[in-house]
Amino acid sequence: MKQHFIGNQWVAPESGETIPVIDPSDGQAFESLARGNASDIDLAVRTARAAHEGAWGRLSATERGRLLQKLAQKMFDHAEELAQLEGRDCGKPLRQARADAAAVARYFEFYAGAADKLHGETIPYQNGYTVLTLREPHGVTGHIVPWNYPLQIFGRSVGAALAAGNTCVVKPAEDACLSLLLVAELAAQAGFPEGALNVVTGYGHEAGDALVRHPGIDHISFTGSPAIGKVVTCAAAANHTPVTLELGGKSPQIVFADADFEAMLPVVVNAIVQNAGQTCSAGSRLLVERSAYEEVVARLSVAFSKLRVGPASMDLDCGPLIRQTQLQRVTGFLDEVRRDGLPIAGQGQVVAEAPRTGFYQAPTLVRDVPPGHRLAQEEVFGPVIAAMPFDDEAHALRLANGTAFGLVASIWSRDGARQMRLARKLRCGQVFINNYGAGGGIELPFGGVKASGHGREKGFEALYGFTVLKTISIKHD
Ligand code: NAD
């Protein structure tokens, strides 16, 4: 059984209970995890508090940066082990798992370098005063991580929080914890003081809920579904705990007839197939200018028919979904597509070698999806893309902005003025022009508007969210 990692030690769950770890590629349990409860969370929060008031809190920003850099190096050194764990635990094709392992190391490298470059300002004020601002850590930050990119999401959230001087309690998703437990152990080996980084595993409604409600938590960073984001916000409000929310998306790829199709097509396919579509920023809607619609759909249909799905170890285009209920969710959307007579224009194939007990879904291109259809409005979180035509720029914008979400969008066009006109009117957190950065962009501020959440992670911007600004006004004349 994998135990919690608290205060640089493996700690058994207070309840003695465990959660099975299932391999999505074959549906079989291969490990078990500690089932954390409020008592385990309380221990982790008190340990993190002691570290914040003790050894970690006493470090200078430069010293913190050096420790983060040592951990980044350990992650690079153990990248293959991290990738193998992540691949098996999440069902990721190994190429993706390796990219995630490299990304988490890069996040720590980035935030290691940023730790001592984060500073306040002086503000011109009345004569006789000097006014300055300090960026101080919140204290103990809680991090609730989903199962789709455990390493990457840990990297962008915990890396920034530690660099800013916080100590952290992390609650990974019950479906994917193994890589983060290894990272916590690597942090101890890198010389992190006891309690700077703690990982408590368990279910969301138990360990997650206890973390959000704990009065010793000074900030919550939540990445997950919009529904649980609301639950977390309400629970945190009881203690006035600030929350950063990174939720889902229904991100549009907007393709104009003048686009470079050769460049666009493989990127559009990858943006929905990567991680079996279980990516918050998946490009799950394809809006195409009507004059190019038939050509784009026909070419994509050929590309989809070549996609192969299988176990993580086969390293194909697409792996399994995370669990049986996720597979049921995705097939539920496709049942509605058939019921409503929407044409399936292209579909990949699950290979014969894929175990029948795994959670496989062939990537699917659905065309002529009405903008109000559930497939065009709700997050599937699977490899299904909804294509629809638009008539002009204004129509494209209405469709692009016409969902509850606002995370990412891309514009494919050679017309520079149009690129900027649209980019400025899109209601979302990131716009890609003639590219699409699903899952990437360590240096680029990331986050949403509307149901996609609020606050920004990644890049230098994330550091501001993990600090509190204090203003000091000095009267000297
Ligand atoms: P989820 O909301 O069910 O779970 C996310 C995390 O919250 C897990 O660790 C879970 O244990 C925990 N949790 C569940 N109930 C809780 C509660 N009551 N209190 C506290 N914590 C609780 O989401 P999921 O199914 O694991 O992930 C899929 C969702 O995450 C999708 O909607 C996806 O778009 C979103 N996501 C967003 C981003 C982003 O950056 N915007 C990144 C990845 C995933």
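Taking segment 444-477 on its own, how many of its residues are among the acidic types (Asp, Glu) and open to solvent by less than 10 Å² (accessible area, probe 1.4 Å)?
Of all residues in segment 444-477, those among the acidic types (Asp, Glu) come to 457, 461, 477.
From what is left, the residues that are open to solvent by less than 10 Å² (accessible area, probe 1.4 Å) are 457.
Total meeting the criteria: 1.
Of the residues Arg424, Arg418, only one is touching a Phe, Trp or Tyr at 6+ places or on another chain (Cβ under 8 Å) and of a type in the set (Lys, Arg); which? Show your work before the answer.
Working: Arg424 fails: touching a Phe, Trp or Tyr at 6+ places or on another chain (Cβ under 8 Å).
After ruling out the rest, the residue left standing is Arg418.
If you check Gly406 against the conditions, is it at pLDDT below 95, in a loop (DSSP other than H, G, I, E, B) and in the same structural domain as Glu295 (by TED's automatic domain parsing)? If you could, list the steps in order and put the result at the bottom.
On the way: at pLDDT below 95: no; in a loop (DSSP other than H, G, I, E, B): yes; in the same structural domain as Glu295 (by TED's automatic domain parsing): yes.
When the stated conditions are applied, Gly406 does not pass them.
Applying the criterion of at least 2 residues that are more than 10 Å from the ligand (Cβ to nearest atom) and within 30 Å of Gly416 (Cβ to Cβ) to the helices (runs of 4 or more DSSP H) found wholly in segment 220-316 leaves 261-273, 290-305. Look at (1) assigned by TED's automatic domain parsing to the domain that holds Glu295; (2) assigned to a strand (DSSP E or B) and you find that Val468 fails only one, number (1).
Applying the set (1) among the aliphatic types (A, V, I, L, M); (2) open to solvent by 10 Å² or more (accessible area, probe 1.4 Å); (3) under 24 Å from Phe390 (Cβ atoms) to Ala282 leaves exactly one unmet item: (2). Of the residues Ile144, Ile153, the single one that is in contact with a Ser or Thr (Cβ under 6 Å, 6 or more places away or on another chain) and crowded, with 21+ Cβ neighbours inside 10 Å is Ile153. For segment 278-296, a residue qualifies if it is of a type in the set (Ser, Thr, Tyr) and touching a helix residue (DSSP H, G or I) at 6+ places or on another chain (Cβ under 7 Å), and exactly one does: Ser284.
Can you name every residue in segment 232-270 that is small (Gly, Ala, Ser) and farther than 12 Å from Phe381 by Cα? Let's see the steps before the verdict.
Within segment 232-270, the subset small (Gly, Ala, Ser) is 235-238, 248-249, 251, 257, 259, 263.
Ala235, Ala236, Ala237, Ala238, Ala257, Ala259, Ala263, listed by residue number.
This table checks each residue for (1) open to solvent by 40 Å² or more (accessible area, probe 1.4 Å); (2) out of contact with any Pro (no Cβ under 6 Å at 6 or more places or on another chain).
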residue	(1), (2)
Ala271	no, yes
Asn275	no, yes
Pro320	no, no
Arg367	yes, no
Gly372	yes, yes
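The sole residue among Ala51, Ala55 that is touching a residue at least 60 places away in the same chain (Cβ under 8 Å) and surrounded by fewer than 18 Cβ atoms within 10 Å (Cβ to Cβ) is Ala55.
May I ask you to verify whether Ala282 is within 19 Å of the chain's Cα centre (by Cα) and closer than 16 Å to Val408 by Cα? In short, yes. Here Gly448 does not fit the description of being within 13 Å of the ligand (Cβ to nearest atom), without any contact (Cβ under 8 Å) to a residue 24 or more places away in the chain and assigned to a loop (DSSP other than H, G, I, E, B). The residues of segment 180-213 that are touching a residue at least 24 places away in the same chain (Cβ under 8 Å), assigned to a helix (DSSP H, G or I) and over 19 Å from Gln9 (Cα atoms), listed by number, are Gly204, Glu206, Gly208, Asp209, Ala210, Leu211, Val212, Arg213. Return the pair list, or none, for Cβ contacts closer than 9 Å from residues in segment 398-411 that are over 14 Å from Ser452 (Cβ atoms) to residues that are of a type in the set (Phe, Trp, Tyr) and not in a strand (DSSP E or B), at least 6 apart or on different chains. Correct list of pairs: Ser410/Tyr436; Ile411/Phe256. Within segment 1-15, residues that are within 16 Å of Ser179 (Cβ to Cβ) have Cβ atoms under 6 Å from residues that are open to solvent by 80 Å² or more (accessible area, probe 1.4 Å) in these pairs: Gln3/Trp10, counting only partners at least 6 apart in sequence or on another chain. Among the residues of segment 138-179, the ones that are in contact with a Pro (Cβ under 9 Å, 6 or more places away or on another chain) and in a loop (DSSP other than H, G, I, E, B) come to 12 in all.
Picking from Gly224, Gly249, Gly229, Gly216, which residue would you name as being closer than 24 Å to Gln9 by Cα, at pLDDT 95 or above and open to solvent by less than 30 Å² (accessible area, probe 1.4 Å)?
Details: Gly224 fails: closer than 24 Å to Gln9 by Cα; Gly249 fails: closer than 24 Å to Gln9 by Cα; Gly229 fails: closer than 24 Å to Gln9 by Cα.
Sole residue among the options that is closer than 24 Å to Gln9 by Cα, at pLDDT 95 or above and open to solvent by less than 30 Å² (accessible area, probe 1.4 Å): Gly216.
All but one of (1) in contact (Cβ under 8 Å) with a residue 60 or more places away in the chain; (2) buried (at least 24 other Cβ atoms within 10 Å of the Cβ) hold for Gly346; which doesn't? That leaves (1) as the condition not met. Residue count for segment 8-28, restricted to those that are buried (at least 21 other Cβ atoms within 10 Å of the Cβ), in contact with a helix residue (DSSP H, G or I) (Cβ under 8 Å, 6 or more places away or on another chain) and within 17 Å of Ser39 (Cβ to Cβ): 1.
What tally of residues in segment 400-441 results from selecting those that are of a type in the set (Val, Ile, Thr) and open to solvent by less than 20 Å² (accessible area, probe 1.4 Å)?
Let us first name the residues in segment 400-441 that are of a type in the set (Val, Ile, Thr), namely 403, 408, 411, 431, 433.
Narrowing further to those that are open to solvent by less than 20 Å² (accessible area, probe 1.4 Å): 403, 408, 411.
Of the residues in segment 400-441, 3 are of a type in the set (Val, Ile, Thr) and open to solvent by less than 20 Å² (accessible area, probe 1.4 Å).
Scanning segment 104-128 for residues that are open to solvent by less than 70 Å² (accessible area, probe 1.4 Å) and not in a helix (DSSP H, G or I) yields a total of 3. Taken over segment 5-56, the criterion of being among the small types (Gly, Ala, Ser) and part of a helix (DSSP H, G or I) is satisfied by Ala38, Ser39, Ala44, Ala48, Ala50, Ala51, Ala55.
The values are calculated or read from the model by the stated rules, or taken from the named source; none is laboratory data. For clarity, every value in this text was computed on a predicted model and none was experimentally measured. Glycine also receives a Cβ, built like all others from the backbone with ideal geometry; neighbour counts cover every protein chain displayed. Surface accessibility is based on the protein's heavy atoms, side chains included, excluding ligands, DNA and RNA. Shrake-Rupley method; radii C 1.70, N 1.55, O 1.52, S 1.80 Å.
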